[in-house]
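J.: The structure that follows is given in the form of structure tokens.
Readers should treat all values here as calculations from the given coordinates under stated rules, not as data from a laboratory. Computed from a predicted model, the values in this text were never measured in an experiment. For neighbour counting, all protein chains shown are included, and Cβ atoms are generated from backbone atoms with ideal geometry for every residue, glycine included.
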Amino acid sequence: MTQVDKTPEKISEMFSEISKSYDKNNNIISFGLHKKIKKSAIGLLDFSDNMKVLDLCCGTGDVTEILANTKYTSDICGIDFSKDMISVAQKRFPKLKFKCGDATTMPDYKNSSVDLITMAFGLRNINDRQSAIKESYRVLKNGGQFLHLDFGYKNIFSVIFNLIAITAIKLLYGNTLPYKYLIQSKKEFPEPEELIKEFEREGFKLKKKKDFLFGIISAQVYNR
């Protein structure tokens, strides 16, 4: 099986291409459930006052905005590799802070300087997944939390989702290339138990896990 191209140039180009229709397409392929799932996953976290938060691979800002509304965050920043996605996020939520950046290297953040990191549907798109996990571990404080949310188990429900998603986008938009990538990247991404092992090898400890939509999507909360 040919692996998908996750070079930074290719990923940046692809997300720039779909940035303006990204939210509409997400609503379609998730039947409008993706925001509810994100809120439920964030509900797994333990919050305290004045938290410093990074929302990595923030896309168009959904999770950043949910976190900002918890009123526990004194400093929150959404970071994404795609300038066009950041541009859309900033237009959607002009009062929030967003910047273009790389999750595998965050020189602006000192060791043990962040209380919470979230990453929703982003780790799957990073070519060097291990470096992103290591860098998150570096900048998190001892006892800090990392929330990971993405596609989960490769079961029959996941197969059905693949068929529905690619058919819906093809009917509505014609050009399915970015969403063919989505399906292929899902197939290559580790299932939750294997991913948990990857995080634990870098020092993280699993705290909570919750599956959504019959395991199609999975959330894990780790402590540093």
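J.: Residue 141 versus residue 205, label points 7 Å from Cα toward the beta carbon: distance in nm?
T.: 1.7 nm
J.: Could I ask something else about it? Around residue 166, what is the net charge, scoring Lys/Arg as +1 and Asp/Glu as -1 over all other residues with Cβ under 12 Å from its Cβ?
T.: +3
J.: So for 63, 88, fewest C-beta neighbours within 10 Å to most, what's the order?
T.: Going from sparsest to densest Cβ surroundings: 88, 63.
J.: Counting only residues 5 or more places away or on other chains, whose amide H sits under 5 Å from the amide H of residue 121 once H atoms are built in the peptide plane?
T.: HN-HN under 5 Å from residue 121: 149, 150.
J.: If you don't mind, there's one more thing I want to ask. Taking the Cβ of residue 129 as the center, what net charge do the other residues with Cβ under 12 Å away carry, scoring Lys and Arg +1 and Asp and Glu -1?
T.: Net of charged neighbours comes to -3.
J.: What does the charge dipole of region 8-223 about its Cα centre add up to, to the nearest 20 debye, if the Cβ of each Lys and Arg holds +1 and the Cβ of each Asp and Glu holds -1?
T.: Charge dipole, region 8-223, about its Cα centre: 440 debye, nearest 20.
J.: Out of the trypsin sites (Lys or Arg not before Pro) in region 107-165, which ones are loop residues according to DSSP with at most 13 other C-beta atoms within 10 Å?
T.: 110
J.: Right, here's the next one. Go ahead and estimate [θ] at 222 nm for the chain from helices alone: -39,500 (n - 2.57) per DSSP H run with n ≥ 4, summed, over the residue count, rounded to 500.
T.: Here the helix-only value at 222 nm equals -13000 deg cm²/dmol.
J.: List, in the order given, every pair from 99/209; 91/154; 10/110; 24/205; 141/180; 110/197 whose Cα-Cα distance in the structure shown is over 32 Å.
T.: 91/154; 24/205; 141/180
J.: First check a/c for region 28-160, with a ≥ b ≥ c the square roots of the eigenvalues of its C-alpha gyration tensor; if it is under 1.5, answer rounded, and if not, answer prolate when a/b is larger than b/c or oblate otherwise.
T.: Taking the square roots of the gyration eigenvalues as a ≥ b ≥ c, region 28-160 is rounded.
J.: Shifting gears a bit: Net charge near residue 112, counting Lys/Arg +1 and Asp/Glu -1 over other residues with Cβ under 9 Å of its Cβ?
T.: Once all neighbours under 9 Å are counted, the net charge is +4.
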